[in-house]
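Written out below as structure tokens is the structure these notes cover.
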Amino acid sequence: MSLLEKIPQLDDSALKNLLDNARRLESSGNVKQKADAAELLPALEAAVAARKAVKLEAAAEKRNANRKPPAPRAAKAKVKAADAAA
């Protein structure tokens, strides 16, 4: 099984570690390491971006679910009018 096939099975920290190593090898590795890194980088970057998008979407959904409804404005206006009349 190649590394490309293992990418979906990696946890987030392992995926980030592999991405960091591939970037490092792309710039400072030998010829074979540079070629292998260049082959892996697009798939690794796409996987990291996809996971980040999923996490951001889940966080937005959670924020929306926990959001309290705004207080009705009409009730506040009646209280202010009653205070002004008194």
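Brief remarks follow.
- Among (1) more than 12 Å from the chain's Cα centre (by Cα); (2) assigned to a helix (DSSP H, G or I); (3) more than 28 Å from Leu3 (Cα to Cα) - the single one Ala59 does not satisfy: (1)
- Arg24 passes every criterion in (1) under 17 Å from Lys6 (Cα atoms); (2) out of contact with any Lys or Arg (no Cβ under 8 Å at 6 or more places or on another chain); (3) not acidic (Asp, Glu) apart from (1).
Coordinate-derived values only; no laboratory data. Quick caveat, the model's predicted, so the values are computed rather than measured. Neighbour counts run over all protein chains shown; Cβ positions are idealised from the backbone, glycine included.
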